[in-house]
Amino acid sequence: MSKTTDHASSLLEGSVPKRLAAFSAPLVAANLLQYVYQFVDMGVVGNVVGEAGLVAVSNASTIVFIISSIAIGLMSGCTVAVGNRVGARDEQGQRRAFAASLGVALLGAAAITLAGTVLAHPIFSLMGVPNASLAQTVAYLEVISLGAVGLFLLNAACAFLRAQGDSVGPLAIMAFSAVANVVLDLVLIACVGLGVVGAAVATVAAQGAGAVFALWLARRRYASARGLLSSARSTYERKEVFAAARAVLRVGIPMAVQQAVINLSYVFVTAWLNSYGSTIAAASGVGLKISTIAGLPCWGIGQAISASVSQSIGAGMPKRAVDFARSGCLMSIAVTVGIQIIVQLGAEWFVSLFGESSRELTDAAVLYLRITCSVNGIFYASMYALDSFALASGAPKLALANSLIDAFAVRAGLAWLLSVPLGLGFVGIYAAQAAAPVIPAIVGFVYLQLWTRRNLPR
């Protein structure tokens with residue numbers, strides 16, 4: 001077995017809060033840049049195409065976000081599987097896990113391509129997308145689905161780098177992709193005039209280029225990312241790679257389903273909001289984009305927790321794993337609440353970034369932010385941090401159960417109760433979204449306490 005990398009050693013030594021902060025900061029930035037794809041698409045389309053294009057991208061992005069979340073969730077299995085082997089200083093095990101992850105990524109991309117191209121029109125018809133935007137919405141999703149392979153390979157390579165304790169690599173990759181996306185958006189939408197389709201082409205091209213860069217960077221930096229084909233030359237090695245694939249899927253499938261379920265609930269919410277007219281639909285889409293960006297830092301911190309905890313457990317250091325979970329939870333809360341304060345202070349300005357809008361649209365979007373981007377951030381940040389610990393510590397099904405509570409018991413069930421029987425309309429739907437993470441955060445905290453008692457001596 002080869003000696004572990006300097007990046008990995010840094011996670012297993014020294015002050016936990018300092019190591020976690022240094023590791024997670026680039027991941028937070030990388031997540032923000034990854035989300036720039038859709039943010040820029042909406043901004044440029046809103047300013048160039050107008051409200052019909054904005055509604056199209058807003059509705060399409062709810063499905064695209066599910067696709068992206070499935071890719072991230074599925075490849076979280078790579079982070080845990082490789083991270084365990086990094087902690088155990090097993091280079092060959094890392095290579096097998098990465099080879100298996102790339103195979104899983106290709107299969108996942110093929111499934112998304114098939115489903116997205118076949119189901120695009122039926123999905124958006126069921127969502128009640130306004131007729132003026134329907135064709136553009138379908139075209140956007142079809143293009144994204146055809147280019148899904150870039151998205152999945154990009155996330156596989158970034159998951160491998162995170163498992164190594166490398167957070168600077170994913171940041172460089174996302175910066176490259178974000179710049180490519182912005183440039184292509186301006187060229188294809190504003191100059192060439194391809195409109196909504198141009199936004200989708202820009203995203204796919206940027207992700208594909210990012211995937212090539214990410215795979216090259218992984219191979220250059222880590223020996224365990226080279227010679228992947230040799231991992232399947234003998235019968236023994238093929239069995240080991242298949243075993244690694246099962247390990248990836250054991251974590252990746254529950255996390256992909258979790259991400260799909262949570263974001264599917266947003267699709268239902270978006271469809272529900274469409275019934276209130278195009279202005280409320282567009283306003284809610286803008287509000288959702290901004291509030292999601294406000295929550296992105298806790299995703300990056302969660303990724304750092306998963307990688308750090310998986311390495312700590314692989315190295316036989318359960319106390320350090322618990323310390324990473326606790327420090328990450330506090331850090332996530334502090335960062336998320338700070339960002340939400342900024343959003344509250346500048347809500348109207350943030351809405352204006354999506355193009356010149358009517359007073360009604362602006363007011364509805366600001367109201368969305370007032371309700372969904374407030375004190376609920378404490379629970380939202382806690383939920384992601386604690387679910388990330390559950391993922392890395394061997395309980396991905398707990399995170400899946402939490403997503404079902406978040407999506408159906410609260411986001412959908414409470415939304416119906418508040419909006420229909422209690423007569424609050426779309427405001428009730430907003431309130432239900434704000435309340436969604438409360439119960440999952442409590443469940444995650446209880447799991448952390450139980451795991452600590454089982455694995456740490458008193």
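The values are calculated or read from the model by the stated rules, or taken from the named source; none is laboratory data. None of the values given here were measured: they were computed from a predicted structure. Methodologically, a virtual Cβ is constructed for each residue, glycine included, from the backbone with ideal geometry; neighbour enumeration extends over all protein chains shown. The protein model used for the area step is the full one, side chains on, heavy atoms only, and it has no ligands, DNA or RNA in it. Shrake-Rupley method; radii C 1.70, N 1.55, O 1.52, S 1.80 Å.
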> Label points 7 Å out from Cα along the Cβ direction at LEU330 and VAL375: separation in nm?
Replying inline: 2.2
> Label-point separation (nm) for ALA175 and GLU237, each offset 7 Å from Cα along Cα-to-Cβ?
Replying inline: 3.6
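Within the accessible area of the chain, what % is carbon and sulfur when the probe is 1.4 Å and the other protein chains stay in place?
Its accessible area is 69 percent carbon and sulfur atoms.
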> Where does the chain land at 222 nm, in deg cm²/dmol rounded to the nearest 500, when only DSSP H runs of n ≥ 4 count, each adding -39500 (n - 2.57), divided by all residues?
Replying inline: -28500 deg cm²/dmol
> Extension gain LEU424-SER358, at 0.36 nm per residue separation less the Cα-Cα distance, in nm?
Replying inline: 21.5 nm
>> Report the gain in length on full extension from LEU106 to LYS18: 0.36 nm times residue separation, minus Cα-Cα distance, nm rounded to one decimal.
In response: 28.1 nm
> In nanometres, what is the gap between the two model label sites at ALA132 and ALA409, each 7 Å from Cα along Cα-to-Cβ?
Replying inline: 4.1
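Report Rg(Cα)/(2.2 N^0.38 Å) for the stretch 138-204, keeping two decimals.
It is 1.28.
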>> Could you tell me the center-to-center distance, by alpha carbons, between the stretch 294-354 and the stretch 77-123 in angstrom?
In response: 23
> Is the shape of the stretch 280-412 best called rounded, prolate or oblate, per the rule: a/c under 1.5 gives rounded, else a/b larger than b/c gives prolate, else oblate, with a ≥ b ≥ c the square roots of the Cα gyration tensor eigenvalues?
Replying inline: prolate
> If R0 is 30 Å, what FRET efficiency do you get for VAL187 and HIS121 from their C-beta distance, rounded to 0.05?
Replying inline: 0.60
>> Taking 20 °C and 1.002 mPa s as the conditions, I'd like the Stokes-Einstein D for the chain in µm²/s, using the Kirkwood hydrodynamic radius from alpha carbon pairs.
In response: 97
> What helices does the chain hold that run 30 Å or longer along their axis, going by alpha-carbon atoms, with a Kyte-Doolittle average of -0.5 or more, using DSSP H for the helix calls?
Replying inline: 16-48, 51-87, 91-126, 195-221, 235-274, 278-314, 318-345
> Stretched out fully, how many nm does the piece from TRP349 to ILE439 gain, at 0.36 nm a residue minus the Cα gap?
Replying inline: 29.2 nm
> So for the stretch 353-452, taking the charge dipole from beta-carbon charges (+1 Lys/Arg, -1 Asp/Glu), which of GLY423, PHE408, PHE389 sits furthest toward the positive end?
Replying inline: PHE389
>> Quick check for you: with a 1.4 Å probe and neighbouring chains kept, what is the accessible area per residue of the chain, in Å²?
In response: 38
> Hey, if you put +1 on the Cβ of every Lys and Arg and -1 on every Asp and Glu Cβ in the chain, which of PHE242, PRO26, SER327 ends up farthest toward the positive end of that dipole?
Replying inline: PHE242
